[in-house]
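The values are calculated or read from the model by the stated rules, or taken from the named source; none is laboratory data. Treat the numbers as computed from the prediction; the structure is a model and nothing was measured. So basically every Cβ, Gly included, is an ideal-geometry build from the backbone, and we count neighbours across all protein chains shown. With ligands, DNA and RNA removed, areas are computed over all heavy atoms of the protein, side chains included. Shrake-Rupley method; radii C 1.70, N 1.55, O 1.52, S 1.80 Å.
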Amino acid sequence: MTFPILSIIVFTPIVAGVILFLLPPERKALIRGVALLASAVALLLSVVTYFSYDIPQGGYQMVEKIPWLPTWGISYHIGVDGLSLPLVLLTGVVMFTGVLISWGVDDRPREFFGFLFILATGVFGVFVSLDLFQLFFFYEIAVFPMYLLIAIWGWQKTREYAAMKLTLYLFIGSVVALVGALAMFFASGLHTFDMLELERAGFSGAFQRIWFPVVFFGFGVLGGLFPFHNWSPDGHVAAPTAVSMFHAGVLMKLGAFAALRVGIMLLPEGAKVHLPWIIFLALVNVVYGALIAMVQTDFKYVIGFSSVSHMGLVMLGFASLSREGYIGSGLQMFSHGVMTALFFAVVGMVYDRAHTRDIPKLGGLARKMPLVAMAFIVGGLVSMGMPGFSGFVAEFPIFLGVWSAQPTVAIIAALGIVVTAAYIMIIVRRVFFGPMPEEFEGHIGDVTLLDKLALGVLSFLLIALGVFPGWMAPLVGSGVNSVMRLLGGA
Amino acid sequence: MFFDLQFILPEIGLLGLAGVVIGLDMSLRREARRSLGWVTAAGLAVLLGVAVWSALHPAGGDIVGGMLRADTLAASFRVIIIAAAMLSVLLAMGVEGLADRGEVYALMLVATLGMCLMAAAGDLVMLYLAIETTSIPLYLLAGYLKHDTRSTEAGLKYFLFGAAASTVMLYGFSLLFGFTGETRLAGVAQSIAAGAMPRVLWVAAAMLVLVGFGFKVSAVPLHFWTPDVYEGAPTPITAFISTASKAAGFAVLMRVMLTVFTPAVAPYWVGVVVAMSVASMTLGNVLALTQKNIKRLLAYSSIAHAGYALIGLVALSPLGVASTLFYLGAYVITNLAAFAVVIVVARIVGSDDIAQFAGLSRRAPMVALALLIGLLSLAGMPPFVGFVAKVFVFAAAVQRGYIWLAIVGVLNSIVGLYYYLIVLKIVYLYRSENEAQPLPVTAPYKWVLGLTMFGILALGILSGPWFDWAIRAAGSLY
Amino acid sequence: MDFFNSHLLSLILFTPTLAAALVMLLPKAQAKLLRGVALLASLVPLALSLVAWMRFDLFAAGFQFEELAGWYTSIGSNYHLGLDGLSLPMVLLTTLLTPLCILAAFSIQERVRVFLALFLLLETGMLGVFLSLDLLLFFVFWEVGLVPMYFLINQWGSKNRDYASLKFLIYTMGGSLGLLLAIQMLRMVVGTFDLPVLYQRWPSLDQSLFGLPIGTVKTIAFWAFTIAFAIKVPVWPFHTWLPDAHTEAPTAGSMILAGVLLKLGAYGFLRLVLPLYPAQAHAFAWVLALLAVAAIIFGAFAAWGQTDFKRLVAYSSVNHMGFVVLGIAAAAWARGTASAADAVIAMNGAVLQMFNHGLSAAGMFFLVGVLYERTHTRELNDYGGLFPLAPIYGGILIFTSMGSLGLPGLGGFVSEFLVVRGSWPIFPLFTAVAMLGLLLTGAYVLKAIQKVLHGPVNARWKGTALEIAPREVLVIAPLMVLIFLIGVWPAWLLNVINAAVSRLFG
C-alpha cells in the first residue's frame, strides 16, 4: 500500500480542528496561521493527487481499504476516480480561499475554523468514499457544523431561522437516503456496504423503481433539486462568507455527487425509469432559478438563486444519461463550485465595506475595488456560459447530452442562459459601475492582499479551465466511463 | 458452585462494597465523608473490570439453581449498568446534600446490585426480587433531598407509580406461575410453547408484564412519571435512573419477551410494542420541543430514545437484540455526559432552565463542547456513537421489512435534532452577563466528561468490536 | 524559426492577448507608455499577417498554414486554424484596423490601461473567428468578442451607453443562442466539429433526426445560423441594435465595430451557411436578397433623415452591408447553376465590399470622432461652413466620403460594381432597386458633407481650433491610401479573393 495521501487529505482538517480547540482562544493570530497552514496542506495534497492520477488506467486509484465493521461488511474504503477527483480539488481550493477570506473573523475564530474544518473533513470524506456506510458517516459530519457556523457567525436577521431550516432539510434528505441505503444492503444479499460490490449487485427492477427516488431525492435535497431547494437561498444568505462559499461551492455538489454515486450508479434501472421526472424538475431548477434570481434586490439572494439554477444544469446532465452530459455535469460541478465561491467572496467583501447588500443602494464600487469588480465580471461571464471561461466548457457538453435525450428541453434550458446573462450584466452595472452613493465615499476601501489572493486563485481556475479544458475534461471523461458502463450494461 | 460464584462475583462485590461504604460512613468524620464517593467509584471501577472479564468469558448456563442465567447478554448489560453506576456516583460527588452521604452511595450500590440481578434473572421470583431491590432504593434516592419539595414530590410519585406498575406486573407473573406451574423462565417458555392453554391467557399475562417493564423503560403509555421524577430528583439520581435503570429494564424486557412469549404470543406483543415504540418516539420528541427545563427536556428525550431502542426489540432477530443492546450502551454514555454538563452548570448557575445555558460556550468552551458532543450523539450525528446506534436499530427494522417503522424513526430523529440544536443554539449563540466568570469543573466531573467523551467518540468511530460483542450477546437468546 | 513557420496563425491570433496582458502589467498612470506599448504591440500581428500574405499560395486549394492540436477532445473539438482567400483579407483588415484604432484612441484619457487591454482582447476574438476551422472554436471566439465590446461601449461611450451596450449584448447573444443550439445539433448528428469534415458530411446527410425529416432539420438549423449572422451583419430587420451601439460607442470602438465586427456576420454566411446548407440557401436566397435590398434602401433613407452625424454614418453601414448581403444572396442562388460565373463575380464583389467598407466606415467614424472631440456635438445642424476653418480635414472628409459613396477610382466603386454586375443576371429586380439605393447613398453623403463643410461659416466655431492633428492624419492616411489603391488597381486583393471564391462557389 502506497502513501495514504487520500486519508491525509481527509483527516488533515479535523486534526487541525482538534489542534485549534486546544489553543487558547486569545491567540487569534496563531489560530489563523494554523488554519491557513492546514488548508494549504490540504490544497497542496489535493493538487498533487490531481496530477498523479493516471488517466489511461482509469478506475479508482489511490485506494485504501481497512475493515471497519466486518460483521456488516463495512470497511474504511476510499479512492478517487475521474468524477470525484475534480471535486476533491475543488474542496481544497474552496477551503483554502475560504480561510483567506475569513481572515477578518474576529468573534471566536478558534471555534469558527474548528467547525469549518470539521465540515471540510466531512466533505472530503464523502467524495472519496467507496463504502456506503462510510459515505453517510462523512455526509452527516458535513451537515451539523453548518448549523453552528450559520447560527453563530451568520447574518443577524435570519441566521437562526435559516440555520435551522438548512440543517433540518439536509438531515431529512440524508436520513431518508440512509433508509434507502439500508434497503440496498439487505436486498443485495451480498452483506456488504462496499459500493464497488453493490454496483455489481444486480438489484431487481422493482426494487430499483421503488428505491431510486428515495435515494436520489434524499440526496437531491442537498443538491438543491426543485422542489427541495428551499433551504438553499436562505441558507446562503444567512451564512458568513466562507460558509456560503463552502455551502454553494462544495456542499451542493456533495448532494449531486452522492445522488450520482448512490442513486444512479447503484440503481441504474431505477434511474432510467424515473428519468422524465428528473429532467422536468431539473429544468424547473434552471429556468425558475434564473427567473427568481432576476427579481431579487438583495445581492446575495441573487447569487443564491443562481446557484439553484446552475445545479439544475448538473442534474440535467445526469438525467441525459449520455456521455457528454456526464462530462458536462462533472465539469459544471467544478466550474460552478469555483464560480460561486468567487461570487460569495465578492458579496462578502462588498457587504463588509458597504454594510448593505441591497442592490439599489450600491453603486460605483469598481472605482474602489477594481480587482473585486474584475473578479466578479469573470465569475459573471462563467455564469452566463461565455466561451473562453469554464462555464461554457461545462455547459456545452451538458446541452449536447440533453439534445440527444430531449431536444425541446435543451431549447428551454438555453433560455435560462439568456436570463442569466441579463441579470448578471444588470447587476454588474448597478453594483460596480454607475454613480457611487455619497455614504460610501471615504468609507469604502479596497480589499486586503489575502482577499485579492483568494480572488486571484479562483479567477485563474475559471479562466484556465475555459481556455484549456484539456486539464480536466479527459479526467472527467475517464470517470464517466464507469458511469456509462453501469448505465449501458444494466 | 465455585463456577457459579465466579459469575456473580460483581454482585457479591457490590454487596461488599455497600457494606464498606456504610461502615466508612459511620466511622469517618464529616469532612472526610466526601471521599466516600471516590471509594465507591473506585470500587465500581474494579467491579467493572470484573464484569467486563466475565462478559468475555461467559459461563453460558443456568446458575444458582436456575435463578440466574449466566450468559453474555446478562454480562453485557451488567457492564453497562455498573459503568453507569460508576459514572453516576462520580456525578453525585459534587451535589450538596448527596456528596457526603454514605447512604446515598450505599443505596446506589444496592440498586445496582438489583439491576445486575435483573439482567441475569432466570426465574420469575428472582426477577421480581431484583426489580424491587432496584426500585426501592431508587424511590428513596429520588426523594432524598428532604428539604426540596420537588425532590420529595418526585420520590413519592416514583414510588406510587412504581408500586402500581409492579403490582400489575406481579399479577402477570402470578398468572404465568398459575398456568404453568413454573417459576423458571425457561420452564414457563416451554409450557407456553407446548400450547396446552388458550392463547388469550398468555396474551393477558404478556400485557400485564409489559406494564411493569414498560414503566421501567419509561415507554409510552407508562411514561407519565418520567418528566416529573427526572426533573424533581437530584440530578445525579436522575442520571442514574435514566441510564442504569432503563438499561436494566430493557434487559428484562428483552429476555422475558423474547424467551418466554416468543414465538407463541409474538404477533400480539410485537404489535403492542411497536405501538409503544412509535408513541414513545413521537410523543417524547414532540413534547420535548416545548420544554424550558433541561432536565425535563432530557426526560422526554429519554422517552423518545426508549422508543428507538424498542425498534430493535420488535425486529425479533439477533440483529435486533444486538442493536438494542448497542443502542442502550450508546445512550447510557451519552446521557451521562449530558447530565454531567447539566450538573456542572446548575451548581454555579443555580437552576436547570435552558435559558441559563446562554453564553456557556464563551464561559466554559470545553464544557460547551462536551454538551455539543453529547447532544449531537443523542441526535444521531456521526462521528458519535449515537449515529451508529441509530443506523443499527433502523437496519434491524429494515431487515425485517419494517420500512415504515424505520421511516418513522428517521423522521423522529429529525424532530429530535431540532430541539437539541435549540439548546446548542442557546449555548453557542446567546450571550449572558456572566460570561466572564469562570465555571469550575471539579475532578469527578472531569472524569465523567472525559470518560464519556472518549466513549462517545471511540464507540462511534471504532464501533466494530463493540458491535461484535453485542452480536455475541444476542446469541444468548437465539 | 520552425516554430514560427508552423505556428504563424497562432502567433497572429495570440500576440494581441499577450499584448493585453503586458499592458495590464504596466502602471496605469503612465498613459503615454501604455499607448506606445499597445500601438507597437498591435503592429506585430499586422506584420505577421503581411508575412502570411506574402507566403500565401494563390494556386493551392483548401486552407493554408493549417494548425491542428487537441483542445476539448472529450467532446470532439480541436484547435484547428487555417487561412484561405476568404479569410486572409479579413485577417489583414483586422490587423490593420486595430493599430489605427489604437492610434485613434490616444485621445481617451480615463482608464487608458483597461481600454487598451480590452481592445487587444477584442482583436483576438475577431481574428479567432476568421481563423477557426473548428465549429466550436469558431463559436468561442464569436462570443469572446462580445464582452470587450460591451465594456468598451458601456464604460467609454456617450450619454446613452447603458442602453446601447446592453441592447448590443443581449441582441447578439440572443442570436448566438440559436447558433449554439444548431451547433450542438450538428455535433450530435455528425460527431465532429471540424469544418472540413462537416463540409463533406453534412450536406449529404440524409437520415431523419428527432423524428423529423432531414430536410426540416436542416432548414431549422439553416435559419438558426442565418438569424445569428443576420443580426451581426446586420441584415434588416435585425439591425436595430446597430445605430445605438455605433453612436454611443467611443470613436475607436465604432471604428472597429463597423470596420470588422459587422464583417464577422457576413463571414459567417460565407464560411458556414453557404457551404453547409446549399439547398436551403438556394431556396431562401430570395429572402436574403429582399432583405438586402431593404437594408440598402431603408438604410439610405434612414441615413438621409439623420441629424446626428454619427448616426448617419451608422445607418450608412446598414446601407453598405446591404450590398454584401445582396452579393451573398446572388451567390446562394446561382451556385452550381448556369449562372455560376455571375455568382462568382457577385461574391467577389461582396467580399471586396467587406474589405472596402471596413476601411471607409472606419475612416468615416474616425473623422466624425475628430470633429466631435473638438466641437462636442454631433448634430449636423450645429456645423456649417467648416471648410475654411479646417481645410485639410475637409479634404480628407470629402475623400473618405467619396470612398464611402462609391466614386469610381476609389475602392467602393469596384466592389459595388462587381456586386451589381454579378447580381443583375440572377436577381434583376432586386438589383435594379438596389441601384436606386446607390442614388440615395450619394444623396445622404453629399448632404452630410454639405452640412458640415459648406455653406456659411457657423460663427460658433470661429475661435476653435478645428484642424486635424498630425496623429489623426496618421490614422486616416493608410485608409485613404488603401481606398485609393483598391480603386485604381484592385487586382492585388481581388486575386486572392477570387482564388478562394471561384473554388468555393464556382
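Observations on the structure shown:
- Geometric extent, Cα atoms of chain C - Rg, Dmax (angstrom): 21.8, 74
- FRET efficiency estimate (nearest 0.05) - Cβ-Cβ, residue C:40 to residue C:10, R0 25 angstrom: 0.80
- Using alpha-carbon coordinates, inclination of helix C:340-375 to the longest axis of chain C, degrees: 30 degrees
- Around residue A:269: net Lys/Arg minus Asp/Glu count, Cβ-Cβ under 15 Å: +3
- Full-stretch length increase - residue A:26, residue A:460 - with 0.36 nm per residue and alpha-carbon distance subtracted: 152.7 nm
- The local environment of residue B:217, defined by Cβ-Cβ distances under 15 Å, has a net charge of +3 under the rule Lys, Arg +1 and Asp, Glu -1.
- Calculated SAXS-style log₁₀ I(q)/I(0) at q = 0.11, 0.12, 0.18 Å⁻¹ - the stretch A:356-490, Debye, Cα scatterers: -0.56, -0.64, -1.07
- When only alpha carbons are used to place a centre, the stretch C:320-384 and the stretch A:340-368 end up 45 Å from one another.
- Over the stretch A:161-233: Rg over Rh, Cα atoms, Kirkwood Rh: 1.08
- Which of B:358, B:321, B:473, positive extreme of dipole for the stretch B:268-478 (C-beta unit charges): B:358
- Pairs of alpha carbons in chain A whose separation is greater than 33 Å (percent): 31 percent
- Here r is the Cβ-Cβ distance between residue C:22 and residue A:37 and R0 is 35 Å; the resulting FRET efficiency, rounded to 0.05, is 0.50.
- Apportionment of accessible area to carbon and sulfur, the stretch B:358-434, percent (1.4 Å): 60 percent
- Descending semi-axes in whole angstrom, ellipsoid equivalent of the stretch C:374-506, from the Cα gyration tensor: 35, 19, 10
- Structure-based [θ]222 nm, the protein assembly as shown - -39500 (n - 2.57) summed over DSSP H runs of at least 4, per residue, nearest 500: -24000 deg cm²/dmol
- Note on the stretch C:3-150: Cα Rg divided by 2.2 N^0.38 Å, N the number of residues, gives 1.07.
- Summed over both chains, the contact between B and A buries some 3500 Å² of accessible surface at a probe radius of 1.4 Å.
- 10 Å binning of all Cα-Cα separations within the stretch A:285-335, expressed as whole percents from 0 upward: 30, 41, 23, 5
- Considered as an equivalent ellipsoid built on the Cα gyration tensor, the stretch C:244-356 has semi-axes of 28, 15, 11 Å, the largest given first.
- Theoretical FRET efficiency, 1/(1+(r/R0)^6), r = Cβ-Cβ of residue B:150 and residue A:484, R0 56 Å, to 0.05: 0.25
- Structure note, pairs B:295/B:390; A:165/B:246; C:263/C:447; C:263/C:310; A:452/C:32; A:361/C:232: Cα-Cα distances above 31 angstrom occur for A:165/B:246; A:361/C:232.
- Simple Cβ-charge dipole of the stretch B:268-478, Lys/Arg +1 and Asp/Glu -1, about Cα centre, in debye nearest 20: 120 debye
- For the stretch B:14-129, the spread of Cα positions along each principal axis, largest first, Å: 46, 27, 20
- Cubic angstrom per residue, convex hull over Cα atoms of the stretch A:17-63: 63 Å³
- Protein heavy-atom accessible surface, 1.4 Å probe, per residue over the stretch B:363-458: 32 Å².
- A cut-off under 10 angstrom between Cβ atoms defines the neighbours of residue C:74, and their net charge, with Lys, Arg +1 and Asp, Glu -1, is 0.
- Farthest toward the positive end of the dipole of the protein assembly as shown, out of A:185, B:44, B:280, is the Cα of B:280, where the dipole comes from beta carbon charges about the Cα centre.
- Spin-label pair residue B:129/residue C:54, simplified geometry with 7 Å Cα→Cβ offset, distance in nm: 11.6 nm
- Comparing C:237, C:74, C:306 along the charge dipole axis of the protein assembly as shown, the residue lying farthest to the positive side is C:306, per the Cβ-charge model.
- Restricting the calculation to Cα atoms, the stretch B:428-478 shows an Rg/Rh of 1.29 when the hydrodynamic-style radius is the Kirkwood one.
- Entry for the stretch B:356-431 at q = 0.14, 0.15, 0.18 Å⁻¹: log10 I(q)/I(0) = -0.51, -0.56, -0.71, Debye formula applied to identical alpha-carbon scatterers, no solvent contribution.
- Kirkwood Rh and Cα Rg combined as Rg/Rh, chain B: 0.95
- Viscosity 0.692 mPa s, 37 °C: Kirkwood-radius Stokes-Einstein D of the protein assembly as shown over Cα pairs, µm²/s: 91 µm²/s
- Helices that extend 24 Å or more along their long axis by alpha-carbon positions and average at least 0.5 on the Kyte-Doolittle scale are, among the DSSP H runs of chain A, A:5-22, A:28-52, A:84-101, A:109-128, A:159-188, A:205-223, A:268-294, A:299-319, A:323-354, A:407-427, A:449-467.
- For the stretch B:268-478, the equivalent ellipsoid derived from the alpha-carbon gyration tensor has semi-axes of 32, 19, 12 Å in decreasing order.
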